[in-house]
Amino acid sequence: MDNDVLKNIKARRSLRAYTGQQVSAADLDTILEAAAYAPSGMGLQTWHFTAVQEPQLLAQLNERIKQAFATSDDPHVRERGLSDSYCCYYHAPTLVIVSNVPTQWWAAMDCACALQNIFLAARSLGIGSCWINQLGQTCDDPGVRQLLTRLGVPADHKVYGCAALGYAPDGVVFKDKKLKEGTITIVR
Ligand SMILES: Cc1cc2nc3c(=O)[nH]c(=O)nc-3n(C[C@H](O)[C@H](O)[C@H](O)COP(=O)(O)O)c2cc1C
C-alpha cells in the first residue's frame with residue numbers, strides 16, 4: 001500500500017518544459033528548508049543553496065555556460081555551446097544551485113540528498129523540477145565563476161547540481177517509468 005510520501009516519490013518526474021509562472025516566495029522557502037533538512041556527511045551541512053529567480057541573470061548564466069562549452073574538445077558539448085536555442089535549464093523560472101566545499105569526498109553525496117529533497121518537496125507542492133548538471137562541468141570556467149560569485153555561490157565551493165523549478169505547460173505527458181530489472185537483491 002502507498003502512503004502519501006511513497007505516492008509523491010513515485011509521481012516525481014523530470015520536467016523539461018516550463019510555463020512562465022514563477023514559484024512563490026513561500027513555496028521557494030518551503031523547498032529550500034526541505035533541502036536543508038537532508039542528511040549530510042557528519043552532519044556538517046557545508047552546502048549552500050543559491051536560488052535564482054531573475055530571468056536575465058539566468059539567461060546570462062546559460063550564455064556563460066555555452067561560452068565554456070563552445071571551447072570543449074567533445075563535439076557534442078561544443079555543439080550545445082554553439083547552438084542558438086540551447087538552454088540548459090529549459091527556461092525554468094527558478095534555478096537552485098547546490099554547491100559544497102570539495103574538501104570532503106562525500107560533498108557530491110550531500111548535494112544529491114539535498115537535491116532529491118528539493119525535487120520531492122516541489123512535487124508535493126505541485127511544482128515540477130529537473131536536475132540540471134551543466135554547472136558541474138563549468139563552475140570553474142572563469143566567466144561562469146565570475147557570475148556565480150555575483151549570484152552568491154561561495155568562492156571555495158564547487159557546484160554539484162542544480163534544480164530547475166516551475167510549472168508544467170498544459171498537455172505535458174511523461175513516459176511511463178519502467179524500472180530496470182535486476183537492481184535489487186534481498187538477503188534474508
Ligand atoms: C546526477 C544526475 C544528473 C542529471 N542531469 C540532467 C541534466 O543535466 N539535464 C536533464 O535534463 N536531466 C538530468 N537528469 C535527469 C535524468 O535524466 C532523469 O532523472 C532520468 O532520465 C529519469 O527520469 P525521471 O527523473 O523522470 O524519473 C539528471 C539526473 C541525475 C540523477
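When the helix-only estimate is applied to the chain (DSSP H runs of n ≥ 4, each -39,500 (n - 2.57), divided by the residue count), what is the mean residue ellipticity at 222 nm, nearest 500 deg cm²/dmol?
Calculated mean residue ellipticity at 222 nm is -12500 deg cm²/dmol.
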Hey, which of these cross-link pairs are over 24 Å Cα-Cα: 66/177; 10/66; 7/180; 10/158; 7/175; 158/178?
66/177; 10/66; 10/158; 158/178
For segment 4-166, report the % of Cα-Cα distances exceeding 27 Å.
22 percent
Can you tell me the mean projection area, over all orientations, of the convex hull of segment 114-188's alpha carbons? Units nm², please.
8.8 nm²
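Can you pull the percent of the chain's accessible area that's carbon plus sulfur, 1.4 Å probe, other chains left in place?
Of all accessible area on the chain, carbon and sulfur atoms account for 54 percent.
What accessible area per residue, rounded to a whole number of Å², is obtained for segment 4-166 using a probe radius of 1.4 Å?
Values: 8120 Å² over 163 residues.
Per-residue accessible area for segment 4-166 comes out at 50 Å².
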Amide H within-cut-off set for residue 94, under 5 Å, with H built and near neighbours excluded
165
Ordering of 79-92, 167-180, 55-68 by packing [mean C-beta count within 10 Å, highest first]:
55-68, 79-92, 167-180
3J(HN,Hα) from dihedral phi, segment 125-132, Karplus parametrisation 6.51/-1.76/1.60, rounded to Hz, x for glycine, proline:
9, x, 9, x, 7, 7, 5, 10
R0 of 35 Å, Cβ-Cβ distance residue 13-residue 54: FRET efficiency to nearest 0.05:
0.85
Fully extended, how many nm does the chain gain between residue 71 and residue 22 (0.36 nm per residue separation, minus their Cα-Cα distance)?
14.3 nm
Virtual spin-label span in nm between residue 106 and residue 42, 7 Å along Cα→Cβ:
1.0 nm
Over all directions, the average projected area of the alpha-carbon convex hull for segment 1-58 comes to how many nm²?
6.3 nm²
Report the semi-axes of the equivalent ellipsoid for segment 87-141 in whole Å, largest first, where each axis is √(5λ) for an eigenvalue λ of the Cα gyration tensor.
21, 16, 7
Normalising by the residue count of the chain, find the relative contact order in percent from Cα pairs under 8 Å and 6+ residues apart.
32 percent
With a point put 7 Å past each Cα toward its Cβ, work out how far residue 131 is from residue 33 in nm, to one decimal.
2.6 nm
On a 0 to 90 degree scale, rounded to 10, what angle separates helix 55-70 from the longest Cα axis of the chain?
70 degrees
If I fit a long axis through the Cα atoms of helix 25-36 and take the longest principal axis of the Cα atoms of the chain, what angle between them do I get, 0 to 90°, rounded to 10?
80 degrees
Hey, what angle do you get for helix 142-151 against the long axis of the chain, alpha-carbon based, 0 to 90 degrees rounded to 10?
60 degrees
What does DSSP give for segment 4-166 in terms of the percent of beta bridges that are antiparallel, rounded to the nearest 5?
95 percent
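The values are calculated or read from the model by the stated rules, or taken from the named source; none is laboratory data. Not measured: the values here are computed from a predicted model. With ideal geometry, Cβ positions are generated from the backbone for all residues, glycine too; neighbour counts draw on all protein chains shown. Areas reflect the complete protein model, heavy atoms only, side chains present, ligands, DNA and RNA absent. Shrake-Rupley method; radii C 1.70, N 1.55, O 1.52, S 1.80 Å.
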